[in-house]
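Inspection log for the structure reproduced underneath, given as C-alpha cells.
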Amino acid sequence: MALFSESKWVWKNGKIVPWEEATVHLSAHGLHYGTGVFEGIRCYNTVNGPAVFRLDAHLERMFESARTYGLPIPYSQEELTGAALEVISANGFSDCYVRPIATYGSGTLGVHPRNCPVEVAILAWPWGTYLGAEALEKGIQVTVSRWKKFSSLAMPATAKACGQYLNSMLAVQDAVRRGFDEALLVDEEGIIAEGSGENFFMVQNGNVLTNDERDHVLMGITRDSVITLARDLGYKVFVGQMHLEELEVADEAFFTGTAAEVTPIAALDRKPIGNGKPGPITLELQRAYFAATSGRDPKHQGWLTPVTAQTEVKQAVRS
Ligand code: PMP
C-alpha cells in the first residue's frame, strides 16, 4: 500500500518543501498532455543502513528519457543524486519508494511545450509489496491484455515518460476488472512485450529468457540486475523474441520491476505455468535479488548508494 500520509517533505525545484506545498497549477502542460519523464526507485533498509538500489542507473535512464523527448532537466545528475538522498533522510525513511519527475509546468496549452518551465521534483514514501502481500511468495494471476503494447515507432517504449502510462493503465485496469492481478501486454503480432509496470521473463529447460527494446519494452533496471545475477549463478540467459505459444509450455515465468521486484507468475489466463507454483529458478533469482537489495551480496555492493553517508557529507558542508 502507498502511504503518502507518512511523507512530510518533498524536494521541489531545488528546495525541500512540505508535502502540502508540492503542487502544480491546473494549467500545467504535463497534466494535460502527460509531458514529463519520471523514475521509480527503491531505497532498502540494508544490513549497513538505508541505501538506494541502483540510483545511478535510474537517474541515467531519466536523463536519457528526457533527452528522447527534448525535455531539458535544469539540474545535473549529481544534483539529483543529492536531492534523492536528501528527501529520503529529511523524511527519516529507510525502506521507501523514490519518485523523481521532470514535467512541463504552466506556460501554454499548445501541444508544443514552448515557454513551459520544466518542474523537477522528487517524492518519497513507504510502499510495500506492489502486487500484494502474497505475490512474492505464491505468484500472481496474469491475463494477456486486450490492449496491445504500443509500438516504439509510435512512442519510444524505452523512455519512461508520463503519458506512455495510459497504455499500461488501460491494461491493468482491464486485467483487475476481470479478476486478475496484472496484465501481460503483447504487440499487434502477439509477440510478448511486458507487464503494465514490469519486464517479463520465462524459464525453459533450465535457461532464462527475456526480450529487449526490439519488442517495445522499457529496459528495466531490475531486468538488468536479474540478468546479471542469473549469469552469476551460472544460468544461460537468452535475450530475444518470446511468443505466447512458448509461454504455454514454459516451466516458469516471472515479472521484474523496481516496485514488483521479482514476482512469480502462477498462471496465465487461469492456465497454470509449470505446476502453478513459483518455480525453483524464479525463487533462486528472487533470493539473489533480495540479497543484493539488502546489502548481503558482497559482489554487488556497488549497486547500493548509502543514504547516511550523503547526509553526513551534506551536514558537514552546511555547518
Ligand atoms: N516496464 C514498464 C512499463 C515499467 O513501468 C517498469 C517499471 N519502471 C518496468 C518495465 C521495470 O523497470 P525497472 O526494473 O527499471 O523498474
Just for segment 163-212: of the residues that are within 16 Å of the ligand (Cβ to nearest atom) and either among the charged types (D, E, K, R) or modelled with pLDDT under 95 (or both), which one is surrounded by the fewest Cβ atoms within 10 Å (Cβ to Cβ)?
-> Asp212
Which of the residues spanning segment 40-55 are over 14 Å from the mean Cα position of the chain (by Cα) and within 16 Å of the ligand (Cβ to nearest atom)?
-> Tyr44
Residue satisfying all of: in segment 1-26; part of a strand (DSSP E or B) and of a type outside the set (D, E, K, R); surrounded by the most Cβ atoms within 10 Å (Cβ to Cβ) among these = Trp11
Residues located in segment 143-162, provided they are among the β-branched types (Val, Ile, Thr) and within 14 Å of the ligand (Cβ to nearest atom) | Thr158
Residues (open to solvent by 10 Å² or more (accessible area, probe 1.4 Å) and assigned to a loop (DSSP other than H, G, I, E, B)) located in segment 229-272 = Leu233, Gly234, Tyr235, Lys236, Gly240, Gln241, Val249, Asp251, Thr258, Ala259, Asp269, Arg270
Based on what the data block shows, is Gly49 without any contact (Cβ under 8 Å) to a residue 12 or more places away in the chain, among the small types (Gly, Ala, Ser) and within 29 Å of Leu304 (Cα to Cα)?
-> no
Inter-residue pairs, beta-carbon under 6 Å, first assigned by TED's automatic domain parsing to the domain that holds Gly49 and in segment 81-94, second among the β-branched types (Val, Ile, Thr) and part of a helix (DSSP H, G or I), 6+ apart = Leu85/Val307; Ile88/Val307; Ser89/Val307; Ser89/Thr311
Note on Tyr130: of the conditions (1) more than 18 Å from the chain's Cα centre (by Cα); (2) more than 14 Å from Val217 (Cβ to Cβ), unmet is (1)
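The values are calculated or read from the model by the stated rules, or taken from the named source; none is laboratory data. Model, not experiment: these values are computed from the prediction. Cβ: placed from backbone, ideal geometry, glycine included. Neighbour counts: every protein chain shown. Note: areas computed on protein heavy atoms with side chains; ligands, DNA, RNA excluded. Shrake-Rupley method; radii C 1.70, N 1.55, O 1.52, S 1.80 Å.
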